[in-house]
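The values are calculated or read from the model by the stated rules, or taken from the named source; none is laboratory data. The shown structure was predicted, so the numbers you read here are calculated from the model rather than taken from an experiment. Please note: Cβ atoms are built from the backbone with ideal geometry, for glycine as well, and neighbour counts cover all protein chains shown.
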């Protein structure tokens, strides 16, 4: 049972979290490219940014499988009280909150602005918002990297690594 839970947990992380991280990370680049075009609403970067937003948003709900199977695995291993796991769950919660409360809504609003503007000069704060979005997606990726390191090294674990 542990092997099945571990397999599903790792596969879900690779198949779901990986694409979210990549799509969210490249979104600002293509949105910025569309925003600097003479007509942002028809710029090629807008279609790529829209696709990256669909991936980010579309994979967010199924990605709930990662912590669900992770918690199931931790329960099967009798590791729910381990510090490394608690820290991982907190970081996962922060990453999920960042994704749902900041990254996805900011992407949606950037796309909306780009689709309805015909001149790049209309939205002078857009570059600053995209810069902040880039920082947030970098933080999102870093949080997941730390979680992966904690899952592999399990510092202070009594589960027999």
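Which of the residues spanning segment 51-74 are surrounded by 18 or more Cβ atoms within 10 Å (Cβ to Cβ) and touching a residue at least 60 places away in the same chain (Cβ under 8 Å)?
Within segment 51-74, 69, 70, 73 meet the criteria.
Note down all Cβ pairs under 8 Å where the first residue falls in segment 132-151 and is free of Cβ contacts under 8 Å to residues at least 24 places away in the same chain and at negative phi, the second is surrounded by fewer than 18 Cβ atoms within 10 Å (Cβ to Cβ) and assigned to a helix (DSSP H, G or I), and they're at least six residues apart or on different chains.
Pairs that qualify, where the first residue is free of Cβ contacts under 8 Å to residues at least 24 places away in the same chain and at negative phi and the partner is surrounded by fewer than 18 Cβ atoms within 10 Å (Cβ to Cβ) and assigned to a helix (DSSP H, G or I): there are none.
Is it the case that segment 22-38 has a residue that's over 20 Å from residue 142 (Cα atoms) and exposed (fewer than 15 other Cβ atoms within 10 Å of the Cβ)?
Taking every residue of segment 22-38 in turn, at least one turns out to be over 20 Å from residue 142 (Cα atoms) and exposed (fewer than 15 other Cβ atoms within 10 Å of the Cβ).
So which of 113, 132, 121 is assigned to a helix (DSSP H, G or I), closer than 23 Å to residue 23 by Cβ and at pLDDT below 90?
Among 113, 132, 121, only 113 is assigned to a helix (DSSP H, G or I), closer than 23 Å to residue 23 by Cβ and at pLDDT below 90.
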